[in-house]
1. With springs only between Cα atoms under 10 Å, which of Q108, Q57, Q69 fluctuates most in a Gaussian network model of the chain?
2. Among the trypsin sites (Lys or Arg not before Pro) within segment 1-62, which fall in a DSSP loop and have no more than 11 other Cβ atoms within 10 Å of their own Cβ?
3. How big is the charge dipole of the chain about its Cα centre, in debye rounded to the nearest 20, if each Lys and Arg gets +1 on its Cβ and each Asp and Glu gets -1 on its Cβ?
4. Over the chain, with a Gaussian network built from C-alpha contacts below 10 Å, which listed residue (L15, L27, L60) shows the highest mean-square fluctuation?
5. Any idea what angle helix 8-68 forms with the longest principal axis of the chain, computed on alpha-carbon atoms, 0 to 90 degrees, nearest 10?
6. In segment 54-116, which trypsin sites (Lys or Arg not before Pro) fall in coil by DSSP and have 15 or fewer other Cβ atoms within 10 Å?
7. What are the GluC sites (Glu not before Pro) within segment 45-118 that DSSP puts in a loop, where the Cβ has at most 13 other Cβ atoms within 10 Å?
8. Only Cα pairs under 8 Å and at least 6 apart count here; give the relative contact order of segment 10-128 as a rounded whole percent.
Amino acid sequence: MRNRIQIGTASFVFLFFILCMSVFCLLSLSDAKNALFFAGRHAESVEAYYQADGWGQEFLAAFWKGISQGTTPEEAADAAVRQIPANGTAYVTKDQTVVCDIPTESGQMLHIEVGQNGGLVLSYYVYHESGEIIDTRMPVFGGDTE
């Protein structure tokens, strides 16, 4: 009976190896599914940005066309914002800066500011439009029970 081959240790090592490889395969599959999900969300966000960017360029072109035809900045901004399909807003500030906000489908806004009387573009950026109000109070127990 001493000449009997012991395969128990080799079997356990092989089973442990198969178990480790199975776990790594499941982790890789989970990581790939998450990467696909986030890539899809990123693609939607990028598509929404470029759609709003196109509308912003249409707004600027229509606005500058109105300015070149001799209309006031208010009239040109109103006419230009009506030409874009998004439900944007445009107004003229006290210092004659034209401001336009164009919403995207992803809850962001494209913000455009044009200088006095249709001058240069002062700012052109996207910001997150949030209806949430941040609570800055910090109600901490002061030790009084009354």
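Bear in mind that the values in this text are calculations on the coordinates, not laboratory data. Since the structure is predicted, the reported quantities are computational estimates derived from the model, not experimental observations. Don't worry about glycine lacking a Cβ; one is built from the backbone with ideal geometry, like all the others, and counts go over all protein chains shown.
1. In the Gaussian network model the winner is Q69.
2. R2, R4
3. With only Lys, Arg, Asp and Glu charged at Cβ, the dipole is about 1260 debye.
4. Its mean-square fluctuation being the largest, the pick is L15.
5. Compared with the principal axis, the helix lies near 10 degrees.
6. K94
7. When the GluC sites (Glu not before Pro) of segment 45-118 are filtered for loop state and at most 13 Cβ neighbours within 10 Å, E105 remain.
8. Contact order relative to length: 17 percent.
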